[in-house]
2 protein chains.
Amino acid sequence: MPGTIRDTTHIPTLISVRHEVDAILAEFIDEQERSALGPETAPLFAAVRRLIFSNGKRLRPLLCVAGWRAGGAPGDSHAVLRVAAALELFQAFALVHDDVMDDSDSRRGLPSAHRALAADYLSGGGRHGRAEAHGQGAAILLGDLLLVWSDEMLAGTELEAHTRSRVLPLVAGMRTELVYGQYLDLLSTGRISGDVGAALRVARYKTGKYTVERPLHLGVCLADGGPQLLRMCTDFAIPLGEAFQLRDDLLGVFGDPAKTGKPVGDDIREGKATVLLALAFQNASRAERRVLRGLFGSTNLSSEDIDRIRSVLEGTGARQRVERMITSRRRAALATLDTAGLPPDVAETLRQIVWTATERHA
Amino acid sequence: MPGTIRDTTHIPTLISVRHEVDAILAEFIDEQERSALGPETAPLFAAVRRLIFSNGKRLRPLLCVAGWRAGGAPGDSHAVLRVAAALELFQAFALVHDDVMDDSDSRRGLPSAHRALAADYLSGGGRHGRAEAHGQGAAILLGDLLLVWSDEMLAGTELEAHTRSRVLPLVAGMRTELVYGQYLDLLSTGRISGDVGAALRVARYKTGKYTVERPLHLGVCLADGGPQLLRMCTDFAIPLGEAFQLRDDLLGVFGDPAKTGKPVGDDIREGKATVLLALAFQNASRAERRVLRGLFGSTNLSSEDIDRIRSVLEGTGARQRVERMITSRRRAALATLDTAGLPPDVAETLRQIVWTATERHA
């Protein structure tokens, strides 16, 4: 059985986690700005703050703290909150580079970093012909900076040598997995296929592991939790991570842009080989395949095009099958919690996270 | 006075540094490949090996080891070689992202990473229309991977807590400086001006500090060297770092592509606000300014265009002034060495590095 909470007095409640992580991030970013080269770097800092303090879900920090509480939390809460904040910087790095690679216009309801940096450049007197290239280059640098900061936040966290030696390989694994997952995603982009297994594998690496499993494991290791708890977390995290990405697939086509903060159909426009699309393609008639092939990867999708795609995704049963996949994965994650023997409040928190991650609208 | 070498038996000679650093890098990359997701990631590893084991100068590793020897080198030589190897991974990260941002075709005489990855994608059956975007995206990921590896190499190096606490802030400073320097470079790209001070400042941050000062300081800290030695290193490194970049400016226009591994005129084509160009612009006649303005940032430069640019750079005296700036900076660096009281073999090694960095052809 995983450990019990030995001392609850200094454990932040999950409601306060968001505030505390945000405070750490705000202070860290302010400090970085004070030691930056000069006023020219202001657009980078504006872009960081816009992204970090927009309506992020803070899922990874919450899972990290939940893992720490599940592990019995003997360590100091400031350390776990700093690691949680480092995860948020890492996530921001991933989003900024992802948006450059996909050439996405928006993120969290705001212009994506490369678009915003291009606009800043123009309003600062930059040349029109260079604005796009400038925005891309500046966003590549911004992502680099966020990755470096994430590491700096982590390296500057006081940890016992024993804990550090458990945490660092986890972080290294998380970072390389994300890069490999993104690379698999790039390789499959623009290739329409019915290979659901391949699409699920991409989802697991580019999203699932660094969104759920790794943050939980980090928390457990910070609390010096044992191998049994780590295994339980994996059993819980793998289906939840997949369900999280599957919900993303659905929101990308059927979601409300006012809530998701992204235009409808981005995945189709970008030619992403999602599980949703693979399922549709598997069961599509010849005419339906023509629709999918014709619109997949096309930069200009009209609202009629979106309607046609939706009707293929509905008609082939793909939407419903993805909903069922989410349901079965949610059940598996919840069932793991039921028998995990976690402290009741931690189990309840994780249950809430399961529902939030799989039934969200944004 | 800086310390003397207490034990020379385990100090690698600088001639062997390259081999030892290369062996560490080769082993590290092999190990990373064994733990990668699968055969799909092969193009990333091929690109890494092509870049790292092409004819890099290994300037940063050499300076790191020289700093360590200057500091009296009480530490273990394996640690300093690993840190030196981490610097090389960091440099590879910087080159890969720099080439994406500048859309450069080649590096070290080979196709740049994004071009090579685009070609790999096509030969693996990728779609023509996506090849360029794929290459860019894959190179962004490759740079991310190299940055993550550089950190992993460093984090996995056994260091005393005291040494670690001196090394980490230096590394953090080096990384953020590079990003800010690159950002200043981006901001000034495409803007022709006679502001030599601004161009020198960009050069200092985007190249000088992470090429010379930071590697030396890292070596000194690994050897537990004191503040006086660090100051001496700064006095030596600042002029040398500037001279290194100034030589780059000249090689970019007057160098032999067979030796530099880059086409002539890349800086002009990319609209880089180099010191060389600022000096030319300052002293240019109206007609000469027209030539510079007309060709600056133009994607297609004929060999006649290059000749016209060269003749303006010569006619305005800019080429000669840059040569003089290099000479005076080299003198300053050498003069610092003369009075530094370093062990004679270390001073001699640093003298050789000064000449290599400022009189090179590649």
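The values are calculated or read from the model by the stated rules, or taken from the named source; none is laboratory data. Since the model is a prediction, treat every value here as computed from it, not as a measurement. Because the Cβ atoms are built from the backbone with ideal geometry, glycine has one as well, and the counts that use them run over all protein chains shown.
Could you count how many residues in segment B:150-160 are more than 8 Å from chain A (Cβ to nearest Cβ) and over 20 Å from the mean Cα position of the chain (by Cα)?
4
Kindly indicate which of B:97, B:114 is within 8 Å of another protein chain (Cβ to nearest Cβ) and buried (at least 22 other Cβ atoms within 10 Å of the Cβ). None of the other options fit; the residue is B:97. Of everything in segment A:235-292 that's hydroxyl-bearing (Ser, Thr, Tyr) and more than 15 Å from residue A:196 (Cβ to Cβ), which residue is surrounded by the fewest Cβ atoms within 10 Å (Cβ to Cβ)? Going through the qualifying residues, I end up with A:285. If you go through segment B:24-38 and keep only what is more than 11 Å from chain A (Cβ to nearest Cβ) and free of Cβ contacts under 8 Å to residues at least 12 places away in the same chain, you end up with B:27, B:30, B:31, B:34.
For segment B:100-111, filtered to residues that are more than 16 Å from the chain's Cα centre (by Cα) and under 12 Å from residue B:262 (Cβ atoms), the residue that is nearest to the other protein chains (Cβ to nearest Cβ) is B:105.
Given the structure, is residue A:81 more than 12 Å from chain B (Cβ to nearest Cβ) and touching an Asp or Glu at 6+ places or on another chain (Cβ under 6 Å)? Against the criterion (more than 12 Å from chain B (Cβ to nearest Cβ) and touching an Asp or Glu at 6+ places or on another chain (Cβ under 6 Å)), residue A:81 qualifies. In segment A:135-149 there is no residue matching the filter, namely being away from every other protein chain (no Cβ under 14 Å), in a helix (DSSP H, G or I) and touching a residue at least 24 places away in the same chain (Cβ under 8 Å). For the criterion of being outside any helix (DSSP H, G or I) and surrounded by 16 or more Cβ atoms within 10 Å (Cβ to Cβ), residue B:67 fails. The single condition among (1) surrounded by fewer than 22 Cβ atoms within 10 Å (Cβ to Cβ); (2) of a type outside the set (Gly, Ala, Ser); (3) in the same structural domain as residue B:111 (by TED's automatic domain parsing); (4) modelled with pLDDT of 95 or more that residue B:170 does not satisfy is (3). Residue count for segment B:170-196, restricted to those that are at the interface with another protein chain (Cβ under 8 Å from one of its Cβ atoms), under 18 Å from residue A:40 (Cα atoms) and either of a type in the set (A, V, I, L, M) or without any contact (Cβ under 8 Å) to a residue 12 or more places away in the chain (or both): 6.
Residue B:120 meets each of the listed conditions (1) buried (at least 24 other Cβ atoms within 10 Å of the Cβ); (2) in contact (Cβ under 8 Å) with a residue 40 or more places away in the chain; (3) within 14 Å of chain A (Cβ to nearest Cβ) apart from (1). State yes or no: is residue A:91 facing another protein chain (nearest Cβ under 8 Å) and either at pLDDT 95 or above or within 19 Å of the chain's Cα centre (by Cα) (or both)? Considered against the rule, which asks whether it is facing another protein chain (nearest Cβ under 8 Å) and either at pLDDT 95 or above or within 19 Å of the chain's Cα centre (by Cα) (or both), residue A:91 comes out as no. Within segment B:1-37, if we keep just the residues that are modelled with pLDDT of 85 or more and part of a loop (DSSP other than H, G, I, E, B), the residue that is farthest from residue B:67 (Cα to Cα) turns out to be B:37.
Results for (1) within 30 Å of residue A:187 (Cβ to Cβ); (2) assigned by TED's automatic domain parsing to the domain that holds residue B:19; (3) more than 16 Å from the chain's Cα centre (by Cα), shown as yes or no for each residue.
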| site | (1), (2), (3) |
| --- | --- |
| B:42 | yes, yes, yes |
| B:61 | no, no, no |
| B:68 | no, no, yes |
| B:72 | no, no, yes |
| B:82 | no, yes, yes |
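For segment A:192-266, please list each of the helices (runs of 4 or more DSSP H) lying entirely inside it that holds at least 2 residues being touching a helix residue (DSSP H, G or I) at 6+ places or on another chain (Cβ under 7 Å) and within 28 Å of residue A:169 (Cβ to Cβ).
Working: elements: A:196-203, A:214-222, A:227-254, A:257-260.
In segment A:192-266, A:196-203, A:214-222, A:227-254 are the helices (runs of 4 or more DSSP H) which contain 2 or more residues that are touching a helix residue (DSSP H, G or I) at 6+ places or on another chain (Cβ under 7 Å) and within 28 Å of residue A:169 (Cβ to Cβ).
Yes/no per residue for (1) within 14 Å of chain A (Cβ to nearest Cβ); (2) modelled with pLDDT of 95 or more; (3) part of a helix (DSSP H, G or I):
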position	(1), (2), (3)
B:271	yes, no, no
B:277	no, yes, yes
B:287	no, yes, yes
B:300	no, no, no
B:320	no, yes, yes
B:324	no, yes, yes
B:328	no, yes, yes
B:333	no, yes, yes
B:337	no, yes, yes
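Filtering B:199, B:223 for residues that are touching a Pro at 6+ places or on another chain (Cβ under 7 Å) and either farther than 28 Å from residue B:342 by Cα or more than 8 Å from chain A (Cβ to nearest Cβ) (or both) leaves a single hit, B:223. Among the residues of segment A:339-362, the ones that are within 19 Å of the chain's Cα centre (by Cα), in a helix (DSSP H, G or I) and among the hydrophobic types (A, V, I, L, M, F, W, C) come to 5 in all.
The condition (being in contact with a Phe, Trp or Tyr (Cβ under 7 Å, 6 or more places away or on another chain), closer than 25 Å to residue A:234 by Cα and not polar (S, T, N, Q)) is satisfied by just one residue among A:210, A:180: A:180. Within segment B:289-298, the set of residues being under 20 Å from residue B:105 (Cα atoms) and either assigned to a helix (DSSP H, G or I) or free of Cβ contacts under 8 Å to residues at least 40 places away in the same chain (or both) comprises B:295, B:298.
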